[in-house]
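All remarks here apply to the structure that follows.
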Amino acid sequence: MINFRPHHFLCTLCFQGKGYSPRFIANYEMIVKQLQTKNGDNTPIKVTRETDSICRACPHSRGAKCNTEETIVPLDDAHTVALGIKESDILSWGKAKELIREKIDLNKFKTICSTCSWQPWGICENALSEFLGK
């Protein structure tokens, strides 16, 4: 099972091979490749409010928390509400993508990701637009 903080559902959908360090990128690429396999949509993902499967290789990770937790918590809060998920929920990657299609549009993305340092780069907006067929 993969563990995701709430904001990582959208981050994973939009991941483009960039990140905080080579170790972080390699770990994230491994997760994304797993989710993109033939049976990837069946992969169970547990929602957590602490460091997760992606965070474990991040240089900002400090045990169960991130050293930038004050910026991560608002992202998690916004994504929790927008996607209608809660801590300890378990959903498949396929269901997560359904939720993103149903509940997230570009305007909502700009709102829930407004505090993310990656948003100004446009990487996520382009990937989300492609995913949504916009």
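Rule-based calculations on the coordinates, nothing more; no lab input. Predicted, not measured: the structure shown is a model, and the values here were computed from it. As a convention, Cβ positions derive from the backbone with ideal geometry for all residues, glycine included, and neighbour counts pool all protein chains shown.
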Problem - Filter on Lys108/Lys134; Lys33/Lys103; Lys33/Lys134; Lys38/Lys95; Lys103/Lys134 - keep pairs with C-alpha separation over 18 Å - result: Lys33/Lys103; Lys33/Lys134
Exercise for the section: Select from region 1-61 those trypsin sites (Lys or Arg not before Pro) which occupy a DSSP coil region and have at most 12 other Cβ atoms within 10 Å, ordered by residue number. Expected result: Lys18, Lys38
Problem - the chain, relative contact order [Cα under 8 Å, separation at least 6], % - result: 32 percent
Completion exercise
Per the 1/(1 + (r/R0)^6) rule, R0 = 30 Å and r from the Cβ atoms of Ile25 and Glu102, FRET efficiency to 0.05 is 0.50
Exercise for the section: Figure the gain on full extension for Gln119 and Val32 (residue separation times 0.36 nm, minus the Cα-Cα span) and round it to one decimal in nm. Expected result: 29.4 nm
Problem - Of (1) 7.3; (2) 20.5; (3) 10.1, the label for mean projected area of the Cα convex hull in nm² derived from the coordinates - result: (1)
Completion exercise
At R0 = 22 Å the Cβ-Cβ FRET efficiency linking Arg62 and Ser129, nearest 0.05, sits at 0.05
Handout entry: Helix-derived mean residue ellipticity, 222 nm - over the chain, DSSP H n ≥ 4, -39500 (n - 2.57), to 500
Key = -14500 deg cm²/dmol
Exercise for the section: Name the residues whose placed amide hydrogens come within less than 5 Å of the amide hydrogen of Arg62, ignoring near sequence neighbours (fewer than 5 apart) on the same chain. Expected result: Asn67
